[in-house]
Amino acid sequence: MVKNTLKIIFHLYLCLKEKLMNYEDVIKNIYGELKSYWGKGKVADYIPALAEVNPRQYGIAIETLEGQSFQVGDAEIRFSAQSISKVFTLAMVTRHLGDEIWKYVGREPSGNPFNSLVQLEYEHGIPRNPFINAGALVVTDRLMSLYDRPKDAILDFVRKISGNDDIYYDKHIARSEREHADRNMALGYFMKSFGNIEHDVEAVIDVYCHQCAISMSCVDLSRAFLFLVNHGKNPFHQEQVLTTSQSKRLGALMLTCGFYDESGDFAFRAGLPGKSGVGGGVVAYIPGNLAITVWSPELNCHGNSLIGMETLERFTTDIGNSIF
């Protein structure tokens, strides 16, 4: 009996070791293959501070619920999270307001660019989903009603879920975004005319520009998404950040809306819930298993990291695992 038990334990150990080694081998192989893609995309330049970023950077980081970490390339260099931060603010608002948030923002894919004004007029100031800019502004506006110091609250939340107290805003990027926020200002004032923004629009834009300027590495972001991997519970503090149902619904929104008008194609190719940002970051996760972040600043025509999108498609193909 003891001998058989030891054999089973040893077999399980070998299977786990093989699985963990595969993750490391897979991302190293992908990294080696995709560096040749440098030059095929374009760094975001509508925010001058983002245009200053060296385009030839590429990092991948995996964090598992078992506490395993795998990195390759520029995985520990910090960059601007940009729209990935929309996941954090939506989680913060959802945990307090629950389904009430859906009175102010929809849950459907937009099919349009992330900063489009077109749908807002047709849909009477209700943004199509919380991950396009208009929807994120509504979420930020509601967050400002919940916290007296919303910028501090956002940082505190991100530090806690990532297990890293050394995360800050990049003030240079925040200032650059604020100086070139005309389109977002237009979105904000248009929604305010429909009564869907409560606070002063300039104050909302200031908080929004700061949340987008959170500076994090691939490692930080993968760790920050582990509460979603863990069905709403932060594995570092064992705090239930979201209910299991809320976590599931946030994941569904990421799958259907997390990549702007490329969301359907990403779901088709990679088969994971995730979120991108124009800083070149892409985060995705397999529930109950792992979170993976890729950073490469050059974007495709949809505003998503060109190498990042290709990396995640190859990753799920190579490991033979996704949510489907």
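At 0.36 nm per residue, minus the direct Cα-Cα distance, what do Glu198 and Asp166 gain on full extension? Give it in nm, one decimal, please.
Numbers: separation 32, 0.36 × 32 = 11.52 nm, distance 3.21 nm.
Computed gain between Glu198 and Asp166 is 8.3 nm.
What ranking do Ile101, Ile161, Ile173 get, fewest neighbouring Cβ atoms within 10 angstrom at the top? Intermediate values should be presented prior to the final figure.
Details: Ile101 17, Ile161 22, Ile173 26.
Ascending number of Cβ neighbours within 10 Å: Ile101, Ile161, Ile173.
Out of the chymotrypsin sites (Phe, Trp or Tyr not before Pro) in the range 159-209, which ones are loop residues according to DSSP with at most 14 other C-beta atoms within 10 Å?
On the way: sites: Tyr168, Tyr169, Tyr189, Phe190, Phe194, Tyr208; in loops: Phe194.
For chymotrypsin sites (Phe, Trp or Tyr not before Pro) across the range 159-209 that sit outside H, G, I, E and B with at most 14 neighbouring Cβ atoms in 10 Å, the list reads Phe194.
Which order results if Asp74, Asp45 are arranged by neighbouring Cβ count within 10 Å, fewest first? Display every interim value, and only then the final one.
Details: Asp74 21, Asp45 10.
Ascending number of Cβ neighbours within 10 Å: Asp45, Asp74.
What does the C-alpha gyration tensor say about the overall shape of the range 29-155? Classify as rounded when a/c is under 1.5, otherwise prolate if a/b is larger than b/c, or oblate. It would help to have the intermediate numbers written out before the result.
Numbers: a/c = 2.14, a/b = 1.52, b/c = 1.41.
It is prolate, given that a/c is not under 1.5 and a/b is the larger ratio.
With an 8 Å cut-off on Cα pairs and a minimum separation of 6 or more residues, tell me the relative contact order of the range 29-319 in percent.
Numbers: 590 pairs, mean separation 81.7, N = 291.
Result for the range 29-319 is 28 percent.
Could you check how many percent of all C-alpha pairs in the range 150-206 are farther apart than 16 Å? Don't jump to the answer; show the numbers that get you there.
On the way: 890 of 1596 pairs.
It works out to 56 percent of all Cα pairs.
For n ≥ 4 DSSP H runs only, could you compute -39500 (n - 2.57) per run for the chain, divide by its residues and tell me the 222 nm figure to the nearest 500? Spell out each step's value before the answer.
On the way: 14 runs with 161 residues, N = 324.
One gets -15000 deg cm²/dmol as the mean residue ellipticity at 222 nm.
Which is the longest run of the chain containing none of the trypsin sites (Lys or Arg not before Pro) found in DSSP loop states (not H, G, I, E, B) with at most 14 other C-beta atoms within 10 Å? Can you show the working numbers first?
Numbers: sites that count: Lys40, Arg56.
In short, 57-324.
In degrees, nearest 10, range 0 to 90: what is the angle between the Cα axis of helix 201-212 and the longest Cα principal axis of the chain?
20 degrees
What FRET efficiency comes out for the pair Asn29/Cys301, r = Cβ-Cβ distance, R0 = 22 Å, nearest 0.05?
Working: r = 27 Å, r/R0 = 1.22.
So, using R0 = 22 Å, E works out to roughly 0.25.
Just to check, using Stokes-Einstein with a Kirkwood Rh over alpha carbon pairs, what's the diffusion coefficient of the chain at 10 °C and 1.306 mPa s in µm²/s? Mind dumping the intermediate values first?
Details: Rh = 19.9 Å.
Rounded, D is 80 µm²/s.
No lab work stands behind these numbers, since they all come straight from the coordinates. Keep in mind that what you see is a predicted model, and the values were worked out from it rather than measured. Ideal geometry is used to build each Cβ from the backbone, glycine not excepted, and the neighbour counts take in all protein chains shown.
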